[in-house]
1. Per the Debye formula with a single identical scatterer at each Cα and no solvent contribution, what log10 I(q)/I(0) holds for segment 6-149 at q = 0.16, 0.18, 0.22 Å⁻¹?
2. Please state the relative contact order of segment 663-757 as a whole percent: Cα pairs under 8 Å, 6+ residues apart?
3. For a quick check of your reading of the filter: which chymotrypsin sites (Phe, Trp or Tyr not before Pro) in segment 232-262 sit in a DSSP loop and have no more than 12 other Cβ atoms within 10 Å?
4. Report, in whole Å, the centroid distance computed from the Cα atoms of segment 433-462 and segment 44-74.
5. In the structure displayed, which of Lys443/Lys718; Lys285/Lys443; Lys94/Lys445 lie more than 24 Å apart, Cα to Cα?
6. Quick one: 3J(HN,Hα) in Hz for segment 265-272, Karplus 6.51/-1.76/1.60 with θ = phi - 60°, rounded, Gly and Pro as x.
7. Give me the number: length gained by fully extending Asn212 to Glu630, i.e. 0.36 nm times residue separation minus the C-alpha to C-alpha distance, one decimal in nm.
8. If you split all Cα-Cα distances of segment 377-433 into 5 Å bins from zero, what percentages do you get per bin, shortest first?
Amino acid sequence: MSAILDDDKEIIVDFINESNEALEKTELILLSLEEKLAGAETIDDNDINTIFRTFHSIKGSAGFIGLTRLNTLTHEAETLLDNIRKGKTELLKKHIDIFLEVSDTLMMMMNHLHDNFSEEGFPGDVENLKERIKKMIADTENPGETKAESGPSPKSGKKKKASSKKQQESKKEPDFDALITPEMEKQFVVDAQELLDEMEQDLLNLEKNTDNLELVESVFRNMHSLKGNAGFFNFKDINQVCHRAETFLDRVRNEEAKAESNQISMVLQVLDFIRTAVDNLDQGKPPVISGKIGLLDLMTEVFQLDCPEEASGEASDWDVPSVEQKEVPEKTDTPEVKPENAKKEDAGEQSTPEKTAAPKDNKKPRSSVNDVIRVDVDKLNKLMDLVGEIVISESMVSHNPELRDLELESFEKSISYLQKNVRELQELATAMRMIPLNGLFSKMKRLIRDLSNKNNKKIELVINGGETEVDRSVLEHISDPLVHILRNAADHGIETPDKRVARGKPETGRIGLSAKQIGGEIWIVIEDDGNGLNREKILKKAMEKGLIGENDTDMPDEKVWNLIFQPGFSTADKISDISGRGVGMDVVVRNVEKIRGRVEVISEEGKGTTINLRIPLTTAIVDGMLMRVENTIYAIPTLDIKESLQVGANHVVDLIDGQEIIKIRENLIPVLRLHELHELSFAPKPMSEGIVVVTEKGSSGMGFLVDEILGQQQLVIKPLPGYLGDIKGVSGCAVLGNGEICLILDLSNLIKLVETT
């Protein structure tokens with residue numbers, strides 16, 4: 001295929017984004033189906049149908065754009081899925097494996113397409129994958145049925161009839177086109193969105209009370225109105241899909257059928273397809289529904305409809321149910337009906353608004369997809385930067401030294417109001433960057449599945465707290481650490497089934513992945529019930545690498561466990577293609593500390609290991625405690641501060657290596673003098689003349705000797721200016737209200753500095 005023209009690139013990007021989203025959901029469904037197969041559970045037909053629709057939609061869109069390899073691959077996968085959903089083939093694990101491989105290949109093809117806007121040069125062996133799928137189809141399908149099921153041939157009488165009808169209708173199209181204006185199309189979009197919102201609310205309520213015929217009537221009338229409006233504009237896809245759904249709803253309202261849960265779900269999914277088409281129209285694109293034929297066939301099956309004239313779905317492309325063909329006899333739509341009134345005068349019901357036919361709840365409809373917009377990440381980052389500048393500007397005004405000691409009651413009220421609004425703006429801007437962990441956590445299911453199959457282990461991944469939200473920048477930094485921790489847990493932690501049984505454990509190992517918000521931190525906990533860490537093995541390896549001396553073997557467990565995060569450290573007996581080279585766990589600490597987080601490890605040999613990642617909600621703004629050392633201002637995140645106190649000479653303990661230690665309530669806490677670290681003063685100062693700020697970082701905490709505590713303040717974190725150079729133990733800076741620079745301490749690196757001196 002030749003390179004895509006520039007005018008088509010926007011279409012390609014939309015296709016890639018929509019396909020990737022659908023493929024991610026498909027992968028999760030496939031993993032769920034695999035678990036159900038293993039547990040001999042009942043397979044939900046809706047899951048198979050959802051996967052079928054994904055491949056069918058990608059196939060249709062790829063064919064439209066001219067992406068031949070994508071089109072033919074999804075066609076084969078779709079054919080195999082169709083056999084499964086129609087009961088011709090029993091779903092087996094080998095099918096799950098091949099569909100996952102198709103999903104992976106499609107995602108790689110999407111990435112290649114994103115970079116090149118062409119299929120040419122894709123390195124994957126798509127032909128081999130297609131042949132293997134064809135073999136699966138041939139093994140279970142009667143070849144004689146394939147041709148018969150492929151739909152009527154172009155030479156069939158039905159097709160000729162359809163074409164003839166299309167030619168007849170085409171003669172009327174100029175009259176319709178003459179009536180339609182851009183303003184009328186905009187009104188159609190507004191009306192359609194309103195109808196879709198109302199139907200969605202009614203359907204959600206209907207799920208809870210399937211016997212409520214008033215809700216069914218309301219959905220039917222709104223669907224009927226939308227179908228009529230779409231018919232007037234000759235929006236064939238929307239018209240046909242509405243017509244099929246309307247037929248089912250008509251049966252339910254006449255009590256010829258009862259709406260089952262899966263059928264209500266199907267109608268909700270239909271609304272999603274229609275929303276996409278309406279959104280396309282709103283963006284100046286044709287209001288088409290990708291995979292419409294497959295959707296119509298699926299609706300027929302789920303709704304248990306008898307539609308012989310459209311059984312194959314082929315006729316639906318041509319035989320658009322015109323406004324005169326509808327099944328409600330009183331409907332007498334004509335081209336003269338105004339589109340903005342079609343909703344109210346649809347079916348010729350003496351201009352009676354259809355919506356009044358059923359009692360409506362006056363509550364505001366639930367937010368729909370139309371209330372959500374995609375915003376470029378760069379714009380969000382720019383917004384966050386501007387909010388940060390506003391926070392600084394507000395601080396500079398409210399703390400302006402020229403206003404000190406002045407009695408300005410009105411001004412102070414105004415500043416108080418400004419501070420309130422700035423704080424709300426800051427919280428809103430931060431919330432806009434927040435992303436739930438569900439997406440990241442869900443991807444780990446596939447990782448554990450593949451690792452367990454590769455190592456012949458049985459592993460269950462249990463996920464909790466995926467709805468917890470974190471800043472986008474935080475999410476980017478914890479993705480790699482999670483992969484490394486889970487990979488180690490699956491490869492080194494969880495034992496093989498025979499070893500687990502010998503230890504009195506169940507064959508299936510368990511890895512838990514959970515998240516929760518604790519104060520201003522997010523705790524992500526990874527725990528397994530596997531081998532646990534071997535203290536003696538770790539100490540031996542650490543001595544071999546020169547990380548500790550022979551006198552350090554009695555160190556507490558916490559420090560021993562932290563040795564696994566040293567670069568190149570590994571206790572694996574053999575190197576596998578998964579892990580064992582010691583190049584992963586150091587990434588965990590490095591990435592977490594970049595965002596001012598910390599890592600905690602708890603382990604018991606033979607019983608398992610727990611790793612807790614404690615990370616801040618956001619990296620852009622921090623609530624800090626300001627401290628003065630000589631003429632320099634420092635800040636420590638407030639959440640990391642345990643206490644501040646003045647100590648007497650009786651609390652100071654001198655060790656042999658010269659490290660100053662204070663003893664507080666039987667706890668020994670090392671103290672760092674910032675005066676000496678940054679050479680701010682060379683005159684020795686008794687510790688009793690200063691204030692010790694004790695932080696919670698480290699095994700027992702750490703103290704900083706400062707001259708004065710200035711108070712708490714919101715700080716916008718910025719990188720250190722180049723002219724300041726690299727300042728030891730400082731992670732960034734902030735501009736204070738008086739224009740001074742405040743240095744933000746990097747507690748993790750300072751603790752390491754103290755421990756190694």
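No lab work stands behind these numbers, since they all come straight from the coordinates. These numbers come from a predicted model, not from an experiment. Every residue, glycine as well, gets a Cβ built from its backbone with ideal geometry; the counts of neighbours run over all protein chains shown.
1. Summing over Cα pairs of segment 6-149 leads to -0.84, -1.04, -1.43.
2. 22
3. In loop regions of segment 232-262 (DSSP not H, G, I, E or B), there are no sparsely surrounded chymotrypsin sites (Phe, Trp or Tyr not before Pro).
4. With segment 433-462 and segment 44-74 each reduced to a Cα centre, they are spaced 25 Å.
5. Lys443/Lys718; Lys285/Lys443
6. Those phi angles translate into 4, 5, 5, 4, 5, 4, 4, 5 Hz.
7. Here the segment from Asn212 to Glu630 would lengthen by 143.0 nm.
8. Spelled out per bin, shortest first, that is 4, 18, 25, 19, 13, 10, 7, 4, 1.
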